Every structure is written in structure tokens, then in C-alpha cells.
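The values are calculated or read from the model by the stated rules, or taken from the named source; none is laboratory data. Keep in mind it's a predicted model, so treat the numbers as computed, not measured. Because the Cβ atoms are built from the backbone with ideal geometry, glycine has one as well, and the counts that use them run over all protein chains shown. Ligands, DNA and RNA are stripped out before the accessible areas are found, and what is left, the full protein with its side chains, is counted by its heavy atoms. Shrake-Rupley method; radii C 1.70, N 1.55, O 1.52, S 1.80 Å.
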Amino acid sequence: MVTVGAVAGFAVFGVAGPALAHVEVSADKTTAGAENVTLTFDGEAESTSAGLAAERVVLPAGIDPAGVTLVSAPAGWAFSRTADGFTVAGKALKVGTDAVWKVKIAKLPDGETRLSFKTLETYGDGKVSRWIEIQQAGQDEPDNPAPLVTLKPGPSSAPAAAAGTPAATAPVAIASATSSDAAVAPPASPTPSAVAGDRALQRTAEDQGSTWWIWAIIAVVLAAIAGFAVLRQRRSARPAEPRS
């Protein structure tokens, strides 16, 4: 009976105890590299004796504090930038009241799909809750997880093969351009050796044209000599006439 009663007592105590609080964050745009993104933070109150008075957020790499502006915060709270993030703070809220605030990010980092926003919550009594442990993909959630935003890959994160697809048609375009250029390309300029050969032939032709009369005279003389030789041969071949 004692054992059963003890177990029942622990069970009731466990149900009645407060749930583990967290700081949650969500984004209205969930693509890496998105611009003008509104982040909504929800800091759950866990103290039963004091209310939340300040929320300090450390921005992940790739987000410049200068690009963060306040959208809304608990009444009376002010927004201020820090070297690595920002803070919203003011009069302590009522005990058990969650702190909800929104900020606008000018641009999310390119190529990042997991953004952790380490957050330190300060209560009116000075107690600080540190939600700063990075949640690793595929692993159990740590005891004090930092608020996490999961994003889809943006255009700049597309596989290199997809980016290179248009280049596959480049050889065809180049080949076509080469064929077209060949049809209208001017004749190739003659090489120096070809020019020299043409000039030599031209000089030979000119020389031959200027001495043609000499060759004509030589031909006439040769023809006359040949005719004279034939005539003498015929005369010597005739029989001698008898003398009376």
C-alpha cells in the first residue's frame, strides 16, 4: 500500500509540475536568402515568482544587426541593437505571462538551412534563463535549446548541374556560328611566300613578252638554214647529164 501510494503521489506531482519552458521562433518566409523576413519569438514564462523583463537575442552568422528592425514587442518594451544581435526589454510582465516580440530581417543568409538564435531571458528578480545550445540535425534536443528556424534551400543553393544545363547547348550554338561565319568570311590573305612566287612569275612573263622578236628572228633563220640544206640535198641526188 505504501509503495502504491508513493507512486501515485509522484505521478500527481509530475502532472501538476510546470512544463519545461522554451523560446520558440518562426519565420513568415522559409527560404534561404529570402528578404524582408518577419521573425516571431515566443518566450515562455517559467518562473512562478517573477515576470519576464528582457530578451537578448544573438543573431546567427550571416545576419547583420544593422539589418534588424522591431515590428512589435510587449507594451512599454524598447528595442536596441547590440554588437552581435539585439535586445527587447522593459517593465517586468506579470508572472506567468509569455513574452512575444517580432522583428524584421532585411535578408536571410544564402545557403543556410538551419538558423539558431541564442536567447537569454532575464526575469524581474534577476534570474537568467539561457537558451543557447545549438540543436544538431538528427540528434536529440538539448536541455536548453536555442530557438531554431529551418529553411528550404534558396536559388543560390541549387545543384551546380542545374546551373550548368544551359551550357550544354553552347557547343551547338558555337558550331552554328562557325558555319555561318565560314560562308561569309573573306578570302584568306596570301602568305609572303605566295606573293613572292606570284611576282617572280609576273617578272618572267614580262621578260618573255619583251624578247619575243628575238625568238622570232631565230626561228626564221633556222627555217632558212633547214630549207637551204634540203635544197642542196636534192641537187646532189640528181644523176649527172651526159656530155655531147
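Within the accessible area of region 57-139, what % is carbon and sulfur when the probe is 1.4 Å and the other protein chains stay in place?
51 percent
Give Lys107/Lys152; Lys94/Lys127; Lys29/Lys102; Lys102/Lys152 a once-over and call out the pairs whose C-alpha atoms are over 19 Å from each other.
Among Lys107/Lys152; Lys94/Lys127; Lys29/Lys102; Lys102/Lys152, the Cα-Cα distance tops 19 Å for Lys102/Lys152.
Rounded to the nearest 0.05, what FRET efficiency do Thr31 and Arg130 have when you use their Cβ-Cβ distance and R0 = 22 Å?
After rounding to 0.05, the efficiency reads 0.15.
Tell me, in nm to one decimal, what length is gained between Thr97 and Ala224 on full extension, where the rule is 0.36 nm per residue of separation less the Cα-Cα distance?
31.7 nm
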